[in-house]
1. Only one of these is modelled with pLDDT under 90, in contact with a strand residue (DSSP E or B) (Cβ under 8 Å, 6 or more places away or on another chain) and of a type in the set (Lys, Arg): ARG24, ARG66, ARG105, ARG83. Name it.
2. Could you check the stretch 25-44 and list, in sequence order, the residues that are more than 18 Å from the chain's Cα centre (by Cα) and either among the hydroxyl-bearing types (Ser, Thr, Tyr) or loosely packed, with under 10 Cβ neighbours inside 10 Å (or both)?
3. Please enumerate the residues belonging to the stretch 62-81 that are surrounded by fewer than 12 Cβ atoms within 10 Å (Cβ to Cβ) and either touching a helix residue (DSSP H, G or I) at 6+ places or on another chain (Cβ under 6 Å) or without any contact (Cβ under 8 Å) to a residue 24 or more places away in the chain (or both).
Amino acid sequence: MADDGADDNVVGSFNAEEDTEIARTAADLEAVFDIPVHVTAVLGKSRMRVSQLLKLGRGAVIELDRKVGEAIDIYVNNRLVARGEVVVVEDRLGVTMTEIIKADRR
């Protein structure tokens with residue numbers, strides 16, 4: 001079998017026009033890269049008095065209103081945008097989105 005120098009692992013072909021379009025789109029988005037976005041993943045909620053809160057120490061366990069395996073809420077800038085679940089990735093906790101919440105725009 002002759003080696004023609006082609007790499008069998010390369011998929012697709014180089015398209016300079018597509019690369020230029022991607023670079024232009026990235027440049028257009030550059031203006032929003034510095035906008036702060038606050039993301040919150042709510043595992044559950046609990047109510048307690050301030051006096052109880054002050055008594056909590058390291059390792060304290062707080063009972064939440066959700067059970068293990070229930071979906072968590074994901075907020076972006078205080079707006080519910082998705083539901084998801086907690087995952088472990090290389091000894092770190094993460095969140096994966098399982099459902100996107102479509103908000104009514106009025």
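1. ARG66
2. Within the stretch 25-44, THR25, ALA27, ASP28, LEU29, GLU30, ALA31 qualify.
3. Across the stretch 62-81, the qualifying residues are ILE62, GLU63, ASP65, LYS67, VAL68, GLY69.
The values are calculated or read from the model by the stated rules, or taken from the named source; none is laboratory data. What you see is a predicted model; the values in this text were computed from it and never measured. Methodologically, a virtual Cβ is constructed for each residue, glycine included, from the backbone with ideal geometry; neighbour enumeration extends over all protein chains shown.
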